Structures are given as structure tokens and as C-alpha cells.
Ligand SMILES: Cc1cc2nc3c(=O)[nH]c(=O)nc-3n(C[C@H](O)[C@H](O)[C@H](O)COP(=O)(O)O)c2cc1C
């Protein structure tokens, strides 16, 4: 089973988070997971995938304009309807809007008929309510991407397990 993670990233934080999700997905037997930046998406791979997770940095608490411009024309072409969908975000402030970015991505996925999955509370700790958010250390010295790695790996593992169960 193929699973794709598609992200926008200018300074590599969101790219790193995407790769952590892929590593968690890849722990699940029978899963071939790949991450793609929006500049170099393998559209055939995505079309064949049963699940797609989208990720974006928070820009003024919204997904990036580039992510928005990628999603708008692409959805029909990528055949997202019926696939399992998920979302994640990175930010530089603890209260920097990451959950709002995830919610906007999930809204977009639902609008296109995806089946959205967050892992939620069903698995117990760590609870991931809508999707994982990482805070980098650009502005908050006590924060840093590495603090959040386990959330992303765990999320990828749960997402892939659910995809296997469903498909
Ligand atoms: C134009 C712009 C707007 C941003 N707005 C926010 C924001 O509202 N909240 C926040 O926490 N971080 C904000 N950031 C910081 C990024 O979300 C953060 O550094 C993110 O991890 C960058 O991801 P990347 O390294 O994958 O590009 C902003 C960055 C830029 C360039």
C-alpha cells in the first residue's frame, strides 16, 4: 500500500516533520511511504496512494500561499476523494496557529471527499487531537523540532495502521 506525505517548506522544518511521519508509516508492514515537496510531487504515486497527509508551516496562522495555490487546482487531478487524509503543521511560536493550519487543511480534504483521520484519543498517550504540530527554536530557545519528533513518528504509524485496516 502506498501512502504519501505532501508538504510546503522553505527552511526545512516542515520537510523534517514530513520525513518523521514517513518513518513512522514505514514501520507498518506492507506500507510504501514517500514524502514530496509541493514542487516535486510524483502524481502517479499519489494517485495510487490510499492515504495522503498534507503539511504546512503556519504563516500568520494560515497555510502558506504556496500550499493553498498547490491544493486548489490539484485536488481533482490527484483523485483525493475516498483516500484517507491527515494534516500537520510547524510554527515558531507555541501559540502560533498550527492547529488552525491543520484545521484548514482538513477542511480542504473533507471538501474533496477524503476520509480524515487524526489518531485522536483512541490510542491513548500521546494524544494527538487534530494532527501533530512542532514548534521550532527560531524564537523560543526552550523549543525545538527534536522535542516533537516522537509525535510525528507515532502519528505516521497510527495513520498507516488505520489505512491498512481500512484498505
Ligand atoms: C511569512 C511568514 C509568516 C509566519 N507566520 C507565523 C505565525 O503566524 N506563527 C508562527 O508560529 N510562526 C510563523 N512563521 C514561522 C514559520 O511557521 C516556522 O518557522 C515554520 O517552521 C517554517 O517552516 P519551514 O522551515 O518548513 O519553512 C512565519 C514565517 C513566515 C516566513
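Key figures
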{"item": "Pick from the range 12-43, criterion in a loop (DSSP other than H, G, I, E, B) and within 21 Å of residue 75 (Cβ to Cβ), ranking: nearest to the chain's Cα centre (by Cα)", "result": "38"}
{"item": "Odd one out for residue 66 among (1) under 17 Å from the mean Cα position of the chain (by Cα); (2) within 28 Å of residue 167 (Cβ to Cβ); (3) without any contact (Cβ under 8 Å) to a residue 60 or more places away in the chain; (4) not in a loop (DSSP other than H, G, I, E, B)", "result": "(2)"}
{"item": "Residue within the range 82-89 that is within 14 Å of the ligand (Cβ to nearest atom) and either crowded, with 18+ Cβ neighbours inside 10 Å or at positive phi (or both) present", "result": "yes"}
{"item": "Check on residue 131, over 13 Å from the mean Cα position of the chain (by Cα) and within 21 Å of residue 152 (Cβ to Cβ)", "result": "no"}
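To keep it simple, each residue is scored yes or no on (1) outside any strand (DSSP E or B); (2) without any contact (Cβ under 8 Å) to a residue 40 or more places away in the chain; (3) within 17 Å of the chain's Cα centre (by Cα).
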| site | (1), (2), (3) |
| --- | --- |
| 52 | no, no, yes |
| 55 | no, no, yes |
| 71 | yes, yes, yes |
| 77 | yes, yes, no |
| 101 | yes, no, yes |
| 124 | yes, yes, no |
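Laboratory data are not the source of any read-out in this text; all were calculated from the coordinates shown. Since we're looking at a predicted model, the values are computed, not measured. A quick note on method: Cβ atoms are made from the backbone with ideal geometry, for glycine too, and the neighbour counts reach across all protein chains shown.
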